[in-house]
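For reference, the structure is listed below as structure tokens.
Where a number appears in this text, it was derived from the coordinates with a stated rule and is not lab data. In this text the structure is predicted, and so the values were computed from the model without any measurement. Quick reminder, even Gly has a Cβ in these numbers, built from the backbone with ideal geometry, and neighbours come from all protein chains shown.
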Amino acid sequence: MARPKEIMAQKRTPETPKKLIGVCLPQEYAQQAKEEAKKRNVSVSLVIAERLLSQQEEAA
């Protein structure tokens, strides 16, 4: 699992589309997120964001 410190999302600039850029995640983590997103019919970034939030809440 990636810790929030390891996740580096660059700031959006007007040229970048509305997608998360520069995020480093392990392949299996991304695959699990994709499958979960498909099951729930939501976007992959939503699933990843929820996971990161829950990890931060657990750490706090």
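Numbers at a glance
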read-out	value
Packing rank of 28-37, 49-58, where each peptide gets the mean count of other beta carbons within 10 Å, highest leading	28-37, 49-58
Stretch gain in nm, segment E35-A49, where the contour uses 0.36 nm per residue and the Cα spacing is subtracted	3.6 nm
